[in-house]
Each structure stands twice: as structure tokens, then as C-alpha cells.
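Enquirer: After the C-alpha cells below, expect a handful of questions from me.
Every number in this text was worked out from the coordinates using simple rules, so none of it is lab data. This is a predicted model, so every value here is computed, not measured. All Cβ positions, glycine included, derive from the backbone under ideal geometry; neighbour counts span all protein chains shown.
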Amino acid sequence: MKYLDEFRDPELAGRLFDDIRRITTRPWAIMEVCGGQTHSIIRNGIDQLLPDQIELIHGPGCPVCVTPLELIDKALAIAARPDVTFCSFGDMLRVPGSSQDLFKIKSEGGDIRIVYSPLDAVKIAQQRPERQVVFFGIGFETTAPANAMAILQAERLGLTNFSMLVSHVLVPPAISAIMESPVSRVQGFLAAGHVCSVMGTHQYGPLVARYHVPIVVTGFEPLDVLEGIRRTVAQLEAGEARLDNAYARAVSAPGNLPAQKVLAEVFEVTDRTWRGIGMIPQSGWRLSARFRPFDAEDRFNVGHIRTEESSLCRSGEVLQGLIKPNQCPAFGKECTPRMPLGATMVSSEGACAAYYQYGRFVHVDA
Amino acid sequence: MSNVLDFEGWVCPAPLRDYPNIVMGHGGGGKLSSELVENLFLPAFQSATLEQLGDSAVVEAGGARLAFSTDSFVVRPLFFPGGNIGDLAVNGTVNDIAMSGAQPLYMSAGFILEEGMPIRQLAAIAQSMGAAARAAGVTLVTGDTKVVDRGHGDGVYITTSGFGVVPAGLRIGPGQARPGDVVIVSGDIGVHGMAILSVREGLEFGAPLETDCAPLNGLVEAMLARTQAIHALRDPTRGGVASALNEIAIASQVGVRIIERDLPVPQAVRAACEILGLDPLYVANEGKLLAFVARDDADALLEAMRAHPLGRGATIIGEATAEHPGMVVARTGIGGTRVVDTQVGEQLPRIC
């Protein structure tokens, strides 16, 4: 397939593995920020083929995984209302709240739809004026522009029956939080390519300078990931810390300016709680004052819902790269994709699910 | 319901208690589906034959061994590129019977019709069923119709049942695969599922895909004419190739190793799967089969399959191993390995 097969070529991958092996002289801990990268690493078995000295730490970049339990419970409360049609991307449906998930609400009569774009939810709101249509707007900077467009579209159409449950999170504050953490072992970052294709790369220069850590903007196909790792290791071995772009076919320094304009119009920066990690200041977006009437949390008065996380689940440590999924005592036992304790076991981008799905055999063997 | 189920009395290793109601995943062909069968139906029915969990049951009657199967069809939309629910209903049961090595003989069809369904549509579906049955050489001999109130069905649901005679001496079943067997797939995978998704409401992506729905009994006949050393056959419908391989791996207690690069995934299926974040290994097929065959007979079998119109794309995708029994492992494109597990419920499109 054009533009995909080229980046999955086994021969070129072999050469990159050789290069990485050749330049690696010491142990290095590198974090891939994005869940899509974790998925690609495990699905392709990249981690097994890297030299032993290179440890990949799976970062907090799975949007489903970092969405706090409390927000899931709010979503469930809204979705259970008889007047609501609740629209979500597919992989949010199985994420457990404190006592149930969206599939269960659906089985009890909740009107829950999987949509492929937030604009589909706007369309439903147009077609069904008697229903309150709510879109579950989660994700990083990548999914945010489409959500912002949906809000603008709803405003333009004068829709009073459309709203969004928003919990957007931002990558740069998460990188700061990881570097500020006294227990962090991360020495270099593979930055999330798709996030940078929207936001550009300028936010990462200050992080490189402040923490003296290499940050390499990296894509998602096997060769992209390997090239990102190669460039990061090269910097680390040379004692350098620079911002580098290994995903230039998708990412430009300024990013997608029209998208950024829409984002600035619809959202404003806010503090956010990350599931399993805690509150990170200024690490998310919420609807700006002008669009607050579209905020589902206010409209359905679920702001009071408070939920504690499971004490067994150590997804927080997984998301911070402190433990590997299979080092959690509940992994594969109390916690499986069938009965997940945490979202990291649910989303196909979640580190625990990726380990369970693709890596279990290898790690059981090891 | 007067018949009260004793929820506490279930004897099951992994209870369903976290889902007190049926959820869509119970019909997805993954773990939830098999748990429902194993933990609810098997204990209630107490049938040794059912416990074999083949595509069709093989039973003895009047000295003959019969392959007997039933299947229900709730596809939406009713008409899709290359076919309709009628083709599926006939071929689905034909194929389940064929997976025991039997030639299907007779079939029943039950219709649950929704009030308001256009008769013209039903006629088109019935015509397709008749044509599909003739093509497969099976006779529809009995049927039933019921009508439910508008809003209580999606136009029409169809259940078909059928049986055929298993040739003497043949022992094909999901539990018969052996280490060293070669795994063959009869052609391109993922076509039916993506053809359906490509026309599903809200997702029309205009992929140039038509269902691969076809009766496989002719292909199986041609295969058996060449070699009887076929150990297991499966048509990888719901849950796709991954689920079918897992079922055989578990039933036969063998490991299965497949080579990702050898999987025949057509361009359009790959592209659509990439966009939606789906894995072609889990996408449904309706006219393909997987065969586990002794290595020495694999070349002859491949040749016989490729000589049949429905097996032209037949190719080896892996092997059965003595290692990691019950587990399917794939060699990835760049040379790593990964576990190919059964999915839990339905495959869900990824967020980004």
C-alpha cells in the first residue's frame, strides 16, 4: 500500500536495527509518548528486536487510558438518561467506570452510538431535534480540531440539543510532569507525530532546553519508530539534547495553523486530572466561555460526581513508565481485556492491552 | 419469563456476572460469545456433541453420520455489495456443514419479519436463497414465518438449519489438528466484513469491495477428492481468521504460528482496516476456509484448491506446533512475534 508498505519494509527495518545496535554502547531509557506508537512497537515486536540496553518506556499518550474514572462515570450518568443519544468513538465503550461501562448502559436501553467523527454526532442532533445529543470529546491535540469544528458547526446551525463532554489533554505539560517527577528514569522522548502535525514542534524546544533531554518527533509505522529511536540514541550517545523531527513527511515546525486557530477559538487551557497520574496543572482544554453552553457537564449537572480509582490497578505507574504492564501483580490475572481494571487494559492503544494482546507470549517465555 | 435461571448456580470458571444483561459483544464471535455458550448453554443443554463446538455437529442416525448445523442472520443492511441476507443465510449453513467434510443435502429456513417490510425486498431475498441453494446443490425443504411489530426487528431475521452426510471414514473436526500440520487459507481474507462496513450507515467509505459470500461445499469436495489427510476445516466468519485459528488451537491443544506477510489481504481491505484501526485477522469472511493438513499432503491439497474457482487464491499462512498449545502467534512483518488472541467482544474502531 502506497505510503505504508514503504514504512514497513523488513530489509530497511533490519538495517535500522543494525544501526541502532552499532551506535548503542550504554543502557538508555526512552519514552514513546503516544499510545499509537506503543501499539506499533508491541504489534510489530520492535521491543524484542532492539538491543537489550535500550528500554522503551510506554508513555501516557493513550487518550482513552488517561481519561479519569470520574469522567467516565459522568459519561455513564449522562448516557443513561432517557432523553440522551450518547455518541462516542468505539474504544471508549468498553472502558469501565466504577461499576459499569457504556455497553452495559446500552444493554439497559441507553441510546449509545459509535461514531467515526464528531460531525456525525452533529448530524444526528440535526436529524433528531427532540433528542439531546452528546459527544464524548476526549483525546489529545490530535482529535481536538475535529471536536472544535463540531462545536463551531453546532453553533452555526443554532443547535440547542447538541453538547460535548470534553476532556482534552495536552502532551507538553505531561512531558514536563514526567521530567519533574523525582522517580522518572526517562532520558529521551519520542514525541507524538500526529499531535505535532497539528500543533507544530515549537512547544518542544523549551522542554529540551529546560530538562536537557532529546525529543525526537516520531511517526507510527515500524520504520518511523525505529528512525525515531535511532536518532534519540545517537543524541544520547553524543551527550546532546536537541529537538529533532524524524516525521517530516507529516510534521512541519509551525504545524496546522488553521486547526490551531479553531482550537484557540473553541478551547481554553485548564487543569486536568489524568487517570492514574493525578492533576497536572494547565494540561488540558475545556470549552472557552463563549462555547460553555455546549458543555455537557453543565447541561446535565454531573459536576458533583466524584470517583476513586481501583487500588489494585497500577495503570498510573504504567502510564508514567515506572513499571511495565506485566510487572503489575494484577496483569493477566484480575485484570484482562475481558475484565479490565484500568483503561490501559481496554483501549487498543493502552500499554496493558498491547502487552496482553501481542506481547504476553514473549514475556511469559522470558 | 417464568423459567427462572439460577445465576448463582452457574458452574463456570469466568462468570458472566459483570454483565447481567446481554451486550452486543455476546454476539461478536469473541470471548464473550464463547463464554455465553460454555457457561450458559452447555451446562443447560448437557450434550456431549455440542461440547465439541464444531461449525456443525456430527451425529449418528440410522447408520449414517450426519453433519447438522444451524445459523441465524441479523445482518444490517439487508442488501450489501455483492449479495444480501438471503445468500448469507444459505451459504452460512452450507459452509458450516461442509466444514465437517459433508455435502449438505437438506435445509430449513425460518423468517422473523418486521411489520412494514416491503414484500418486494423479501421476494428478492427469497429469490437469492433459492438461487444460492441450487448453486450449492442443497434443497430447502421446510420453513417458517413469524411477523413482529414494527420497530421490533430490522426488516427480516433468518435462521437456517441443514444437514448432510459425512463420508465414511472421515474425521475432520476442530479438535483433530496436529503439530506439524500446515495451515492453508483458501483466498483473500477480510473481504465480507469490510464490504458490509463500507455501506453501513454513517460510514460509507466507498471501498471497491463485494462480499465473498459463496458455498464452499464444492471446494471441500474437490479437496477431499485429492487427500483425506485434512484434519480440521473452519470457515472464518464472525471473529475472522484469528478467532477460527484460536478455536482450533484450543480444541486440538496445538500451537499455531502464522506468518503475517503471507496473509492474503487485498489492498482495499488493508486500506479500509488502516483507516478504521481494525485488524483484518478479526474481520469476517463468508466464502473462505482454513484447512489444517498434514505437511506431506499440503502441496497436493494446494494444487487441488487452486484448480477450483473458490480456491484460486489458496496459500499457506502458517503451521501447527507442539509449542504454546492453545495459543496463536504471528511472525510480524519486520520479524518480531505477537500473540493473536481471540477478541473480547466486537472489534472497535480506534479513536485516532
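Enquirer: Report the relative contact order of chain A, percent, no decimals, based on alpha-carbon pairs under 8 angstrom and at least 6 residues apart.
Expert: Reported as a whole number, the value is 23 percent.
Enquirer: In addition: Run the simple label-point estimate for A:Glu108 and A:Ala250 please: 7 Å along Cα→C-beta, distance reported in nm.
Expert: About 3.8 nm, to one decimal.
Enquirer: Among all stretches of chain A without exposed GluC sites (Glu not before Pro) (DSSP loop, at most 14 other Cβ atoms within 10 Å), which one is longest?
Expert: A:131-239
Enquirer: Need one number: convex hull volume per residue for region B:182-339, Cα atoms only, in Å³.
Expert: 108 Å³
Enquirer: Tell me, what are the semi-axes, in whole angstrom and largest first, of the equivalent ellipsoid of region A:139-178 as set by the roots of 5 times the Cα gyration tensor eigenvalues?
Expert: 28, 9, 6
Enquirer: So how far apart, in nm, are the two label points at A:Leu119 and B:Leu170 if each is 7 Å from Cα heading toward Cβ?
Expert: Rounded to a tenth, the inter-label distance reads 5.2 nm.
Enquirer: Shifting gears a bit: List, in order, the whole-Hz ³J(HN,Hα) value for each residue of region A:338-346 obtained from phi through the Karplus relation with A = 6.51, B = -1.76, C = 1.60 and θ = phi - 60°; use x for Gly and Pro.
Expert: Listing the rounded values in order: 5, 10, x, 8, x, 5, 4, 8, 9 Hz.
Enquirer: Right, something else. Pairs of alpha-carbon atoms within less than 8 angstrom and 6+ residues apart define the contacts here; what relative contact order does region A:97-162 have, in percent?
Expert: 34 percent
Enquirer: Sticking with this one: Please turn the phi angles of region A:244-250 into ³J(HN,Hα) values with the Karplus equation 6.51 cos²θ - 1.76 cosθ + 1.60 (θ = phi - 60°), one per residue in order, whole Hz, x for glycine and proline.
Expert: With coefficients 6.51, -1.76 and 1.60, one gets 10, 10, 9, 9, 5, 6, 10 Hz.
Enquirer: Same structure again: Compute the longest continuous run of chain B that contains no exposed GluC sites (Glu not before Pro); treat a site as exposed when its DSSP state is not H, G, I, E or B and it has at most 16 other Cβ atoms within 10 Å.
Expert: B:1-114
Enquirer: Sticking with this one: Kirkwood Rh, chain B, all Cα pairs: how many Å?
Expert: Hydrodynamic radius (Kirkwood, Cα pairs) of chain B is 20.9 Å.
Enquirer: Enter the mean projected area of the convex hull around the alpha-carbon atoms of region B:98-144, in nm², rounded to one decimal.
Expert: 3.9 nm²
Enquirer: With N denoting the number of residues in region B:54-170, provide Rg(C-alpha) divided by 2.2 N^0.38 Å, to two decimal places.
Expert: Here the Cα radius of gyration is 1.11 times the empirical estimate.
Enquirer: Now a separate question. Over the protein assembly as shown, consider all pairs of different Cα atoms and compute the Kirkwood hydrodynamic radius from their mean reciprocal separation; express it in Å, one decimal.
Expert: Hydrodynamic radius (Kirkwood, Cα pairs) of the protein assembly as shown is 27.0 Å.
Enquirer: Per residue, how much space in cubic angstrom lies within the convex hull of the C-alpha atoms of chain A?
Expert: 140 Å³
Enquirer: Please give the FRET efficiency for B:Gln121 paired with B:Ala322, using the beta carbon to beta carbon distance and R0 = 45 Å, rounded to the nearest 0.05.
Expert: About 0.30, to the nearest 0.05.
Enquirer: Right, something else. Could you tell me whether region B:206-294 comes out rounded, prolate or oblate from its Cα gyration tensor? Rule is a ≥ b ≥ c as square roots of the eigenvalues, rounded for a/c under 1.5, then prolate if a/b exceeds b/c, otherwise oblate.
Expert: Since a/c reaches 1.5 but b/c is at least a/b, the shape of region B:206-294 is classed as oblate.
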